[in-house]
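Trainee: My questions all concern the structure below.
Coordinate-derived values only; no laboratory data. Worth saying up front: this structure is predicted, and the values here are computed from it rather than measured. Don't worry about glycine lacking a Cβ; one is built from the backbone with ideal geometry, like all the others, and counts go over all protein chains shown.
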Amino acid sequence: MVLRNFDAPRHRNAHGGPVIRLEGVRKSYPTADGAVLAISDATFAVQDREFISILGPSGCGKSTLMMIIAGLRPVSSGAVFIDETPVTAPQTDVGIVFQSDVLLDWRNALDNVLLQATIRKLPIENYRDKALQLLHSVGLQGFEQRYPYELSGGMRQRVSICRALVHDPRILLMDEPFGALDALTREQMQEDLQALWMSERKTVVFITHSIPEAVFLSDRVVVMTHRPGQVDAIVPVDLPRPRDEDTMTSREFAHHVREIRRMFRLKKGGGHD
Amino acid sequence: MTRPTAIERSAEQDDSLSRTASSKRRRGARVAAALIPSAVLLVLLMLWQAAVVVFHVPGYLLPAPTTVVTTLLDDRGELLSQSIPTLIETLGGFALSVPVGLGLAVLIVASRPIEKAIYPLLVTSQVVPKVAIAPLFLVWFGLGLLPKILITFLIAFFPIVIESAVGLRSVPVEMLDLARSMGSSRSQVFWRFRFPYALPSIFGGLKVGITLSVIGSIVGEFVGADRGLGYLLTVASGQLDTALVFAAIFVLVVMGVVLYGVIDFAERAVVKWHPSVREQHVSATGAA
C-alpha cells in the first residue's frame, strides 16, 4: 500500500480547533421504570485526522455516544460540536460503520459501496473508480459483483467500510465494527484499517471494548466506565506507525494495555478508593 | 494491499469444497423432491380407482378417476369457456387488491394515527363473512362480473396489507440510521431501503392473495351467477353430475396452481437475494 498524501491536508481546518468536541454530554432514556441514565458526562475533543478510540465495557453508552456524534440521537443535555457548529441534525459529512455490516442484500458489493453516491445524487460514474479502488485496497478484487449472501462476515464488513469512505467524508465513525468477527480475521482487519486510515487520513472515532484493539489502532484512547458512562481518562498512545505484529508484542504496547486494564480494575473495587 | 488475505483464500477453498459436496446431496434431494409426491399421488389415485371398482360405488357418489378424466376430455369446451369468466374475476379482484393493499400498508407504516384509524376497519372487513355480504353485492351491482370482482378483492387484499406492512416495518434501525446519515429524503428511504427490504414479505402476501382470489371468485359465483366454474359447480351438483363437479374442481386447482406459479416465478426473478428464494430455487430447479 502506498502512503500517499501523508502530509498534504485534504481537509483544512479553518479555525485550527478540534473537529469534534463534546461538552458535558448527558443522555438518559425513558423506560417503564423511569429514566435510565446511559451517559452521565462526556467531555473530550477529537483533533483533525486523529484516530481516537472510545473504550469501555458493554452498557457504558459508548455506542450511544457515537450515535450522538453522528447526530442520529439527541443529547439530553450538553452539546456536540463539529467544527464548532452544534450538532442538531444527522450529519452527512461522515461515514458510519455499524456493528453489523448493514449491507443491502439486493445490491452487489460494488453497488452497496456506490449507494452513497446514489442517495446523495452524486454522479455514479465519477465514483466508480474510487469505489473499485477502495474494494481492491481491502482485498476484495474479484468480489465486486458478488451479493452480500455470497460473502463471508469479514468481507461484508470490508464492503461496509468502503461504503463509509467512498464519498470522502471528513469523519469516520466506527461502532465495534470487528466485534462479530473471529480473532484471526479481526487482527487482519485491524492492520488493513490502519493502512486505510494512513492513506485516507480521516478523523476517526472508533468504538471498542477490546483494550489491545484500542491501543493498536489509536492516537488516543478515551476510557469510559460502567453505566452511567463517563469519561474516566484519555490515554495517549505514542507507538510509531505503521504498527504491526511486532508492535503488539513490544514492551510499550504491553505497558499501555496494562495501564488501561488497571483503570478498569480500580474502578471495579470502586468503593475502597 | 492488493492481495487477497490468507483468510479469504481459505474461505474460498472452504466454499468450493462445500459446494461440490452439497451439489451431490442437492441432486439426490431434487430427484426425491420430484419423485416422492408423484408416487404418493399415483398410489392414492390407484387406491381410489380400486375402491370404486371393488365396492361398486355409484357414480353420483364418487366417480372413478378414469370417469373424471373422460368427463374432462368430453366437456373440455364447456369447462374452458366457463373458466374464462372465473379467471377474469380472479385476476380482476387480485389486480384491485395489489395497489389497494400496498397503498394501505404504506399508510399504516407511515403514520400511527392513520394506522389507528384504519386497523379496526380492516379487521372488521375481514371478520364479516364474505358469503354473507355477497347477496348484498348482488343487489347493488347485479349479476355481472363486478360483484364477483369486489368480493374477490375483499378476500384477497387483507393478507397483502398485513404482510406488506410487516415487511415495511421490519427494516432494521441501523439501516434507517444509515439512510439518515446519507441524507436520504423520505422517498429515498422508502424506495431505496424500505420497499426492497419488504419485497420478500410483499411476495408472501401476494402468494396468499392470489390463492384467496380463486376462492373469492367462486364464492361470488355461488351466490348468484349465470356463468363461470362456480356456476358450473352448482349446476352439476344439482344434477348429481358428480364427475363434472370433480372435473370443474380439477380445472380450478390447475388455475390456482398456475397463478400461484406465476407469482412464485416473479418472486424468484425479483428477489434472488433472499434466503427463502435461494433455497426454493434449489428445489424448484430439481422439480423441473
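Trainee: Mind listing the phi-derived Karplus ³J(HN,Hα) values for the range A:71-79, rounded to whole Hz, using 6.51, -1.76 and 1.60 with θ = phi - 60°, and x for any glycine or proline?
Mentor: In residue order, the calculated couplings are x, 8, 9, x, 7, 7, 7, x, 7 Hz.
Trainee: Apply the Debye scattering formula to the range B:62-185, with a single equal point scatterer on each alpha-carbon and no solvent, then give log10 I(q)/I(0) at q = 0.13, 0.15, 0.17 Å⁻¹.
Mentor: After summing over all Cα pairs, the log10 values are -0.73, -0.85, -0.96.
Trainee: Taking the number of other C-beta atoms within 10 Å as the exposure measure, put B:GLU163, A:GLU191, B:GLU89, A:GLU176 in order starting with the fewest. Intermediate results must be reported in sequence, preceding the final value.
Mentor: On the way: B:GLU163 23, A:GLU191 17, B:GLU89 31, A:GLU176 20.
By the 10 Å Cβ count, ascending, the order reads A:GLU191, A:GLU176, B:GLU163, B:GLU89.
Trainee: Using only the alpha carbons of the protein assembly as shown, determine the length spanned along each of the three principal axes and report them from longest to shortest in whole angstroms.
Mentor: Principal extents (Cα only, largest first): 96, 54, 54 Å.
Trainee: Scaled to the compact-protein estimate 2.2 N^0.38 Å, what is the alpha-carbon radius of gyration of the range A:104-169, rounded to two decimal places?
Mentor: Cα Rg divided by the expected 2.2 N^0.38 Å: 0.98.
Trainee: Shifting gears a bit: Determine the equivalent ellipsoid of the range A:172-273 by diagonalising the alpha-carbon gyration tensor, then write out the semi-axes as square roots of 5 times the eigenvalues, largest first, rounded to whole Å.
Mentor: After diagonalising the Cα gyration tensor, the semi-axes are 24, 16, 13 Å.
Trainee: Now, a different point. Return A:ASP129, A:ASP182, A:ASP41 ranked ascending by Cβ neighbour count within 10 Å, so the fewest neighbours appear first.
Mentor: Values: A:ASP129 9, A:ASP182 12, A:ASP41 15.
Lowest count first: A:ASP129, A:ASP182, A:ASP41.
Trainee: Spelling out what I want: for every residue of the range B:212-229, take phi, set θ = phi - 60°, compute 6.51 cos²θ - 1.76 cosθ + 1.60 (Karplus), and round to whole Hz; glycine and proline get x.
Mentor: 5, 4, 4, 4, x, 5, 5, 4, x, 6, 4, 6, x, 7, 10, 7, x, 5
Trainee: Hey, another quick one. In straight Cα distance, which lysines are under 21 Å from B:LYS272, not counting same-chain residues fewer than 8 positions off?
Mentor: Leaving aside lysines fewer than 8 places away in the same chain, those within reach of B:LYS272 are B:LYS207.
Trainee: What's the ranking of B:258-270, B:224-236 by average number of surrounding C-beta atoms within 10 Å, highest first?
Mentor: B:224-236, B:258-270
Trainee: Here is a further query. Under the Karplus relation 6.51 cos²θ - 1.76 cosθ + 1.60, θ = phi - 60°, what is the ordered set of whole-Hz ³J(HN,Hα) values for the range A:158-169, x standing for Gly and Pro?
Mentor: So the Karplus estimates, Gly and Pro as x, are 4, 4, 5, 5, 4, 4, 6, 10, 5, 8, 6, x Hz.
Trainee: While we're looking at this one, here's another question. Among A:145-153, A:89-97, how do they line up by average Cβ neighbours within 10 Å per residue, starting with the highest?
Mentor: Details: A:145-153: 16.3, A:89-97: 21.1.
Packing proxy ranking, top to bottom: A:89-97, A:145-153.
Trainee: May I ask which residue of B:ALA248, B:GLY183, B:TYR60 lies farthest towards the positive end of the charge dipole of chain B, with charges of +1 (Lys, Arg) and -1 (Asp, Glu) on Cβ and the Cα centre as origin?
Mentor: The residue sitting farthest along the positive end of the dipole is B:GLY183.
Trainee: If you don't mind, another one. Any idea what angle helix B:130-141 forms with the longest principal axis of chain B, computed on alpha-carbon atoms, 0 to 90 degrees, nearest 10?
Mentor: 80 degrees
Trainee: Right, another one. Return the long-range amide H neighbours of A:GLY229 (sequence gap of 5 or more, or a different chain), with a cut-off of under 5 Å between placed amide H atoms.
Mentor: For A:GLY229, the qualifying residues are A:ILE39, A:SER40.
Trainee: Using a 10 Å cut-off on Cβ to Cβ distances, tally the other chain neighbours for every residue of B:182-188 and report the average as a whole number.
Mentor: Neighbouring Cβ atoms belonging to other protein chains average 5 per residue here.
Trainee: Compute from the Cα atoms of the range B:181-235 the Rg and the Dmax, the latter being the longest Cα-Cα distance, and quote both in angstrom.
Mentor: When restricted to Cα atoms, the range B:181-235 yields Rg and Dmax of 19.9, 64 Å.
Trainee: How large is the charge dipole for the protein assembly as shown, taken about the Cα centre, if only the Cβ atoms of Lys, Arg (+1) and Asp, Glu (-1) carry charge, to the nearest 20 debye?
Mentor: 400 debye
Trainee: Another one. Taking square-rooted eigenvalues a ≥ b ≥ c of the alpha carbon gyration tensor, is the range A:19-166 rounded, prolate or oblate, where a/c under 1.5 means rounded and, failing that, a/b exceeding b/c means prolate?
Mentor: Taking the square roots of the gyration eigenvalues as a ≥ b ≥ c, the range A:19-166 is prolate.
Trainee: Further, regarding this structure: Taking Rh as the Kirkwood radius computed over C-alpha pairs, what is the Stokes-Einstein D of chain A at 37 °C in a medium of viscosity 0.692 mPa s, expressed in µm² per second?
Mentor: 169 µm²/s
Trainee: On the principal axes of its Cα set, how long, how wide and how thick is the range B:141-193? Give whole Å, largest value first.
Mentor: 56, 18, 11
Trainee: Turning to a different aspect of this structure: If you take the C-alpha gyration tensor of the range B:25-72, multiply each eigenvalue by 5 and take the square root, what semi-axes do you get, largest first, in whole Å?
Mentor: Working: eigenvalues 198, 25, 6 Å².
Over the Cα atoms of the range B:25-72, the semi-axes work out to 31, 11, 6 Å.
Trainee: On to the next question. Based on the Cα atoms of the range B:63-287, what semi-axes does the equivalent ellipsoid have, where each is the square root of 5 times one gyration tensor eigenvalue, given in whole Å with the largest first?
Mentor: For the range B:63-287, the ellipsoid semi-axes come out as 39, 23, 11 Å.
Trainee: So what is the 222 nm mean residue ellipticity for chain A from helices alone, if each DSSP H run of at least 4 adds -39500 (n - 2.57) and you divide by all residues, rounding to the nearest 500 deg cm²/dmol?
Mentor: After summing the helix terms and dividing by residue count, I get -10500 deg cm²/dmol.
Trainee: A further question follows. State the answer as a single residue: which of B:VAL262, A:HIS136, B:VAL123 lies farthest towards the positive end of the charge dipole of the protein assembly as shown, with beta carbon charges of +1 for Lys and Arg and -1 for Asp and Glu, about the Cα centre.
Mentor: A:HIS136
Trainee: Right, something else. Cut-off is 10 Å between beta-carbons; in what order do A:HIS256, A:HIS226 appear when sorted fewest neighbours first?
Mentor: On the way: A:HIS256 23, A:HIS226 17.
Ordered from fewest to most neighbouring Cβ atoms within 10 Å, A:HIS256, A:HIS226 come out as A:HIS226, A:HIS256.
Trainee: Something else: Considering only Cα-Cα distances, which of the following residue pairs are longer than 18 Å: A:LYS27/A:LYS267; A:LYS27/A:LYS62; A:LYS62/A:LYS202?
Mentor: From the list (A:LYS27/A:LYS267; A:LYS27/A:LYS62; A:LYS62/A:LYS202), the Cα-Cα distance tops 18 Å for A:LYS27/A:LYS267; A:LYS62/A:LYS202.
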